[in-house]
Amino acid sequence: MKQNTTIAQSSADSLQSVEIISKKYINNFSSTVPVQTMNANVIKLLNAPSVADISKFLTGVVIKDYGGLGGLKTVSVRSLGASHTGVLYDGVNITDMQNSQIDLGKYADNLIHHLALYQSVPVSANLPAQAYSSSALLMIETPAAGLPLHRLKIKAGTQWGSWGLNRHHLALQAPWGSRTQFSIAANYQNTKGNYPFKSVNGNVTEHLRRENSQVNAAQVELNLSHLFKDSGQLQVKVFAQNSDRGLPKAVIYYYNLSNENLWNNDVFTQVNYKRKFNHTTSFSTAIKYSNHYTRYTNPTLIIDNKATDNKYTEQSVYYTAALLSKINKYWALSVASDIAVTDLNANLRSFAYPTRFSNWSVAGVQYNKRLLDINMAALYTYMKDEVESGIPAARQSRLTPNVSLAYKFHAASPFLIRAFYKTIFRNPNFNDLYYTIIGNRALRPELAKQLNLGVAYQQDVKNTWLQKIGWSMDAYYNKVTDKILAMPGGNLFAWSMLNIGKVNIWGADISVEGNGKIGAQLDWRIKTGFNYNISEDRSNKNSVNYKTQIPNTPKTNGFAIAMLNYKQIGLVYNALYSGTRYSLGGNLPENKMDSYVIHDVSLNYGHHIKKWQLQWQFSVNNLLDKAYDIVMFYPMPGRNIAAKLVIQNFK
């Protein structure tokens, strides 16, 4: 075998390259663990305006979307919940100790160069230790992560759509000498979001519009990157976002008043340094400071004779260091350690004002010999809370293992057999423990055990019409103890925490991709994914919920993407499918939510004017105007259109 495709370009053998821009990304059909990727060339054609929207086209992912064009969007993978999905942004974790769920609707599509979702972390990736603490890891890479840059790059875009939607972005990348580059990217979004929907109550049907769904958001990112002569690479990033969003309420019959608002002001600064000392040893380190300000208002919720106006500020300092070294021809060793200090302030009466000290340390080994690849790692997690009011939650520590292996029958075989076992420990977040109304300081941590067995196939085909085909099937079993469920109450900001004890999850992910040519100039590509998932409450044999599907979790879901390109014209069709699910435990008929299929189409046209490349896109989303909810009583938009123009220089 020319190279071990179980790890492909991520193996410890690939340490010679010093230019990140030259690396080849791994794909789902050549990885030790299930991984799904999406690059900028595909993302720009999908009309998916945020990372959350892009993630809908990843197998096994369920988006929790509470309505509204800019509303809260979180990602759950294989029914383990959004709190188990870790997110890395240019190699550094995005954290939220307040509710441990990352709102991926905040991160715009035009800032994404590459997206990858890992079900487990290979040792050779040389990632922060905290990356091993998540059941699934979403890795976001921006264009600023690549060096070197030899010319000025300018990219600008504007999009207009239904219900007052308008989005605009501008990005510049400029070289500063032969080894340094500077970049700036800015985004602005505004929408009324007052889309129509139908409310059915028995024989009565009301035609209403979504209220309080407006969004006004701006985002700026600055990057400075430098490539040292000794192959070291430094990146300094400053990210700032400000948003003002209405929070549409659950639809209640004959009551449509909604006047809650959420303001966010997020700022973080991170500094990354990477160096490859020789062909066997690689080192990376990063430090990050983040400040997240949240203000929630609800004039109709009166507490202590005052309308609700809650303000929260979460600050965090985080440091990580990781070392990867190839010991000999077959063995590689990886170690990493992270520390973080996070505190939360609020203007609430009798608030706990918690501070959390966290440490993650991991050691792993990789054995890689031709047809066999084995990864083994152990993560130690330690967390201690301090509070100014009351008694803090008990300190927590746990050692959790992670083992994966992959095998090929012979060097030329297109088949790959892979398996992994891992244990994940999730400590309750600040809201779980200390929220003034619903916090429970005695809440137990959540423990998840995961087992995966899969097969992948990838083959280059000599036929013109079919040039490459790949498919994978991964069966999995997850066992969750002391599972914590976050469910929205009458509004989106106040959660009801439910510890349902034990959950058993069985399922399978199936992915298929292919591409080819029809004639000399017609290119095609397909990408499909299907997930089958049974997630049963196994907490109490005497409960009505016993052996029933947990809330908001369909047994089946999937997607399909089909692309046709002829010369400068491209046609994209995509479909999203979700099976039936239940809004509450017990799976009662009144809580049943119907299945749905959403169809989108877009037409793309690209051409040049002198040194400028123009890309036009016209999209129709929810083509058949399907009425559906992802979360019960939070209706989603019907048919809507959007037109987009992107201009960039290419010389």
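Look at VAL236 and say whether it is out of contact with any Phe, Trp or Tyr (no Cβ under 9 Å at 6 or more places or on another chain) and either among the small types (Gly, Ala, Ser) or closer than 19 Å to LEU127 by Cβ (or both). So VAL236 does not fit the description; no. When restricted to residues that are buried (at least 18 other Cβ atoms within 10 Å of the Cβ) and closer than 19 Å to PRO34 by Cα, region 392-404 contains 2. Taking the criterion of being surrounded by fewer than 20 Cβ atoms within 10 Å (Cβ to Cβ) and closer than 30 Å to LEU371 by Cα, the only residue of region 39-69 that qualifies is ASN39. For region 207-218, does any single residue satisfy the condition of being hydrophobic (A, V, I, L, M, F, W, C), open to solvent by 20 Å² or more (accessible area, probe 1.4 Å) and not in a strand (DSSP E or B)? Checked against the condition, which is being hydrophobic (A, V, I, L, M, F, W, C), open to solvent by 20 Å² or more (accessible area, probe 1.4 Å) and not in a strand (DSSP E or B), region 207-218 yields no hits at all. For region 328-347, filtered to residues that are open to solvent by 40 Å² or more (accessible area, probe 1.4 Å) and of a type in the set (A, V, I, L, M), the residue that is farthest from VAL123 (Cα to Cα) is VAL341. Only a single criterion out of (1) open to solvent by less than 20 Å² (accessible area, probe 1.4 Å); (2) of a type in the set (A, V, I, L, M); (3) at pLDDT below 90 is not satisfied by ALA125, namely (1).
Taken over region 604-651, the criterion of being among the charged types (D, E, K, R) and in a strand (DSSP E or B) is satisfied by ASP629, LYS644.
Among the residues of region 156-163, are any open to solvent by 50 Å² or more (accessible area, probe 1.4 Å), of a type in the set (Phe, Trp, Tyr) and assigned to a loop (DSSP other than H, G, I, E, B)? No, that holds for no residue. All of ALA48, ALA116 fail the test of being over 26 Å from TYR195 (Cβ atoms) and touching a residue at least 60 places away in the same chain (Cβ under 8 Å), apart from ALA116. For region 353-360, state whether one or more residues are touching a Leu at 6+ places or on another chain (Cβ under 8 Å) and in contact (Cβ under 8 Å) with a residue 60 or more places away in the chain. Within region 353-360, one or more residues are touching a Leu at 6+ places or on another chain (Cβ under 8 Å) and in contact (Cβ under 8 Å) with a residue 60 or more places away in the chain. Checking the structure you have, find out if any residue of region 132-141 is part of a strand (DSSP E or B) and either touching a His at 6+ places or on another chain (Cβ under 7 Å) or more than 30 Å from ARG418 (Cα to Cα) (or both). Yes: one or more hits.
Taken over region 405-448, the criterion of being open to solvent by less than 10 Å² (accessible area, probe 1.4 Å) and among the β-branched types (Val, Ile, Thr) is satisfied by ILE424 alone. Under the condition of being within 30 Å of THR205 (Cβ to Cβ) and either assigned to a strand (DSSP E or B) or hydroxyl-bearing (Ser, Thr, Tyr) (or both), the residues counted in region 234-293 number 10. With respect to the conditions (1) of a type outside the set (Lys, Arg); (2) assigned to a strand (DSSP E or B); (3) surrounded by fewer than 16 Cβ atoms within 10 Å (Cβ to Cβ), SER350 lacks only one, and its number is (2). Of all residue pairs spaced 6 or more apart or on separate chains, those with beta-carbon atoms under 8 Å, a first member in region 297-326 that is at pLDDT below 90 and a second member that is open to solvent by less than 80 Å² (accessible area, probe 1.4 Å) are THR300/ASN259; THR300/ALA307; LEU301/ALA307; LEU301/THR308; LEU301/ASN491; ILE302/THR308.
Annotation for region 152-171: at least one member residue is over 30 Å from GLU536 (Cβ atoms) and without any contact (Cβ under 8 Å) to a residue 24 or more places away in the chain.
If I filter region 585-605 for residues that are open to solvent by less than 80 Å² (accessible area, probe 1.4 Å), among the hydroxyl-bearing types (Ser, Thr, Tyr) and under 30 Å from ALA475 (Cβ atoms), do I get at least one hit? Scanning region 585-605, I find at least one residue that is open to solvent by less than 80 Å² (accessible area, probe 1.4 Å), among the hydroxyl-bearing types (Ser, Thr, Tyr) and under 30 Å from ALA475 (Cβ atoms), so the answer is yes.
Taking each residue of region 602-622 that is closer than 16 Å to GLY157 by Cβ and looking for partners that are hydroxyl-bearing (Ser, Thr, Tyr) and open to solvent by 20 Å² or more (accessible area, probe 1.4 Å) with beta-carbon atoms closer than 9 Å, six or more apart or interchain, yields SER602/TYR573; LEU614/TYR605; GLN615/TYR605; TRP616/TYR605; GLN617/TYR605; PHE618/TYR605.
Restricting the first residue to region 92-104 and requiring it to be touching a residue at least 12 places away in the same chain (Cβ under 8 Å), which pairs with a second residue that is small (Gly, Ala, Ser) and not in a loop (DSSP other than H, G, I, E, B) meet a Cβ separation below 6 Å and a spacing of at least six or different chains? If the second residue must be small (Gly, Ala, Ser) and not in a loop (DSSP other than H, G, I, E, B), the pairs left are VAL92/ALA286; SER100/SER83; GLN101/ALA82; GLN101/SER83; LEU104/ALA52.
Among what's in region 85-95 and is at pLDDT 90 or above and not hydrophobic (A, V, I, L, M, F, W, C), pick the residue that is surrounded by the most Cβ atoms within 10 Å (Cβ to Cβ). Of everything passing the filter in region 85-95, ASN93 is surrounded by the most Cβ atoms within 10 Å (Cβ to Cβ). For region 169-197, the set of residues classified as farther than 15 Å from PRO248 by Cα and of a type in the set (Lys, Arg) consists of ARG179 only.
Here SER225 fits the description: open to solvent by less than 40 Å² (accessible area, probe 1.4 Å), in contact with a helix residue (DSSP H, G or I) (Cβ under 8 Å, 6 or more places away or on another chain), within 30 Å of TYR318 (Cβ to Cβ) and not charged (D, E, K, R). Scanning region 59-84 for residues that are modelled with pLDDT under 90 and polar (S, T, N, Q) turns up THR74, SER83. Within region 377-391, the set of residues being open to solvent by less than 60 Å² (accessible area, probe 1.4 Å) and either at pLDDT 95 or above or in a strand (DSSP E or B) (or both) comprises ALA377, ALA378, LEU379, THR381, MET383, ASP385, VAL387. Which one is most open to solvent (accessible area, probe 1.4 Å), of the residues in region 288-327 that are under 25 Å from VAL121 (Cβ atoms) and touching a Ser or Thr at 6+ places or on another chain (Cβ under 6 Å)? So, considering only residues that are under 25 Å from VAL121 (Cβ atoms) and touching a Ser or Thr at 6+ places or on another chain (Cβ under 6 Å), the one most open to solvent (accessible area, probe 1.4 Å) is TYR289.
The values are calculated or read from the model by the stated rules, or taken from the named source; none is laboratory data. If you're wondering where the values come from, they're calculated on a predicted model, not measured in any experiment. Cβ atoms come from the backbone with ideal geometry, glycine included; neighbour counts cover every protein chain shown. Ligands, DNA and RNA are excluded from the accessible area calculation, which covers all protein heavy atoms including side chains. Shrake-Rupley method; radii C 1.70, N 1.55, O 1.52, S 1.80 Å.
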